[in-house]
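S.K.: The structure that follows is given in the form of structure tokens.
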Amino acid sequence: MMKRFIFSIFLLPLLLASPQTKAQGIMLTPKWTAQAQFTGYYVADKLGFYKEEGIDVCVQHPAISESSFSFMEKGRAPVVIMNLSYAFMERLAGARVVNVMQTSQENSLMLISHSPLKGEESLRNQKIAVWNHLSQKLLDRLAEHYALKQVEWIRFNSGVNVFLSGAADPCLVGSYNEYLQLSEYGMNVDSIYSIRLADYGYNLPEDGLYVTEEFYNQYPEVVRKLVKASMRGWAWTNEHREEALDMVMEEVKKGNIGTNRYHQRKMLEEVLRLQVDQQSGQRTYRLSREGFARAAMILTPAGSASIRYEDFVK
């Protein structure tokens, strides 16, 4: 059944107001709690880049147990940050989500283990720890694509305790977060085995900015301004990293997030690295046809109708 999205009543008067009379109010929901992964949006907000475009953007984070997609689905936020894989799977399921900006160009996912990893065959019949926010539909598609027979997925919310305690091995982590935490916790990362999923064909771009097709068609100029200001926020971040980190630390303090500046700095460095397109050497902020094609090849079940690039990317 086709999923429908209902926009909150309180948003409509703000969105219909002209830029000359009243800033247009938009809630933007990241896919996780406050951290350097979303620095460009904090910068665009705090330095007034959104307001200069005549839009009033409120960045509201979900709880650890919530997904940004659930905010969109319930009409709580018209603009959300999602992984390409997550958005693609929801589009396959009937959700009319569209990509309007792509920050990540390279995949960050890694598998780490206390035992040798020799490709897909070493993952069969294993208990693999994965984040709670990864949908079961996505995990099923990965298991099917890589022929991971009899895999048991062990869910966890965050951190690396599930790996350090031996509760699950191997463990799926991000290069900009959990992998960094291992060395911060005193572990010699050279003593563990790791593989990057990108080296096995899963080099899917990750973070992107998504709206519903209905929202895009109704407010194309608002979306254009939102993207322009967000790109400006990320460009400023890249040129002023320490000043941008000041804003990140404001957000994590406001959200009562347990972290430190060192970790957030390392995270920001890796996030910015992953934003660079390896072919052009530039930050394009655009989901390429090649990146979309990789997602379609891996995530589309056999016999299913394919998604057109022109329908998904605006």
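Only the coordinates and a few stated rules stand behind these numbers; no lab work does. Small disclaimer: the values here were computed from a predicted structure and weren't measured. Positions of Cβ are generated from backbone atoms using ideal geometry, with glycine treated the same way; all protein chains shown enter the neighbour counts.
S.K.: Which percent, to the nearest 5, of DSSP beta bridges fully inside the chain are antiparallel?
M.R.: Looking only at bridges with both residues in the chain, the antiparallel portion is about 60 percent.
S.K.: Another question, then. Might you report the magnitude of the Cβ-based charge dipole of the stretch 159-314 about its Cα centre, with Lys and Arg at +1 and Asp and Glu at -1, to the nearest 20 debye?
M.R.: Magnitude of the dipole: close to 360 debye.
S.K.: Could you please state, rounded to a whole Å, how far the C-alpha centre of the stretch 104-131 is from the C-alpha centre of the stretch 184-224?
M.R.: Going from one Cα centre to the other spans 17 Å.
S.K.: Arrange the peptides 225-238, 55-68 so that the one whose residues have, on average, the most other Cβ atoms within 10 Å appears first.
M.R.: So the peptides 225-238, 55-68, ranked by packing, come out 225-238, 55-68.
S.K.: OK, next. Compute the length gained on full extension between Glu184 and Lys127: take 0.36 nm times their separation in residues and subtract their Cα-Cα distance, giving the result in nm to one decimal.
M.R.: Contour length minus the Cα-Cα distance gives 18.0 nm.
S.K.: For the chain, what does -39500 (n - 2.57) per DSSP helix run (n ≥ 4), summed and divided by total residues, give at 222 nm, in deg cm²/dmol to the nearest 500?
M.R.: Result for the chain: -11000 deg cm²/dmol, rounded to the nearest 500.
S.K.: Take every Cα pair under 8 Å in the stretch 109-200 that's 6+ residues apart, average their separations, divide by the length, and report that relative contact order as a whole percent.
M.R.: Relative contact order here is 47 percent.
S.K.: All other residues with a Cβ under 14 Å from the Cβ of Ala129 taken together, and with Lys, Arg as +1 and Asp, Glu as -1, what is their net charge?
M.R.: -1
S.K.: With r defined as the distance between the Cβ atoms of Ala235 and Glu290 and R0 fixed at 35 Å, what FRET efficiency is calculated, to the nearest 0.05?
M.R.: E between Ala235 and Glu290, to the nearest 0.05, is 0.90.
S.K.: Once R0 is set to 22 Å, what does the formula 1/(1 + (r/R0)^6) return for the Cβ-Cβ distance between Asn256 and Ala167, expressed as a FRET efficiency to the nearest 0.05?
M.R.: The calculated FRET efficiency here is 0.25.
S.K.: Now, a different point. Would you kindly state how much longer the chain becomes between Ser306 and Lys74 on full extension, computed as 0.36 nm times their sequence separation minus their alpha carbon distance, in nm to one decimal?
M.R.: 80.9 nm
S.K.: Amide H to amide H under 5 Å from Trp32: which residues, 5+ apart in sequence or cross-chain, H placed 1.01 Å off N in plane?
M.R.: For Trp32, no residues qualify.
S.K.: Next up: With label points built 7 Å along Cα→Cβ from the Cα atoms of Lys149 and Asn217, find their separation and express it in nm.
M.R.: Placing both labels 7 Å along Cα→Cβ, they lie 4.6 nm apart.
S.K.: Give the Rg/Rh ratio for the stretch 109-200, taking Rg as the radius of gyration of the Cα atoms and Rh as the Kirkwood radius, to two decimals.
M.R.: 0.93
S.K.: Moving on. Quick one: which of 262-273, 92-103 comes out on top by average Cβ neighbours within 10 Å, and what's the full order, highest first?
M.R.: Taking the mean over residues of other Cβ atoms within 10 Å, the ranking is 92-103, 262-273.
S.K.: Next question. Using only Cα atoms, tell me the angle between helix 261-274 and the longest principal axis of the chain; keep it within 0 to 90° and round to the nearest 10.
M.R.: Computed tilt is about 90 degrees.
S.K.: From the backbone phi of the stretch 218-223, what are the Karplus-calculated ³J(HN,Hα) couplings (6.51 cos²θ - 1.76 cosθ + 1.60, θ = phi - 60°) in whole Hz, Gly and Pro given as x?
M.R.: Couplings: 7, 10, x, 6, 5, 4 Hz.
S.K.: What is the fewest-to-most order of Glu53, Glu242 by other Cβ atoms lying within 10 Å of their Cβ?
M.R.: So the ranking, lowest neighbour count to highest, is Glu242, Glu53.
S.K.: Report, to one decimal in Å, the Kirkwood hydrodynamic radius for the chain based on all distinct Cα pairs.
M.R.: It is 20.3 Å.
S.K.: Now a separate question. Using the Cα centre of the chain as origin and beta-carbon charges of +1 (Lys, Arg) and -1 (Asp, Glu), tell me which of Met72, Gly174, His240 is placed farthest towards the positive end of the dipole.
M.R.: Projecting each Cα onto the dipole axis, the largest value belongs to Met72.
S.K.: If you add up the charges near Gln181, with Lys and Arg at +1 and Asp and Glu at -1, over every other residue whose beta carbon is less than 15 angstrom from its beta carbon, what do you get?
M.R.: Charge balance near Gln181 sits at -1.
S.K.: While we're here: Tell me, what is the percent relative contact order of the chain, built from C-alpha pairs under 8 Å that lie six or more residues apart?
M.R.: With pairs under 8 Å counted, the relative contact order is 28 percent.
S.K.: Additional query: Which far-off residues, 5 or more places away or on another chain, put their amide H under 5 Å from the one on Ile154, with H placed in the peptide plane?
M.R.: Under 5 Å from the amide H of Ile154: Ile128, Ala129, Val130.
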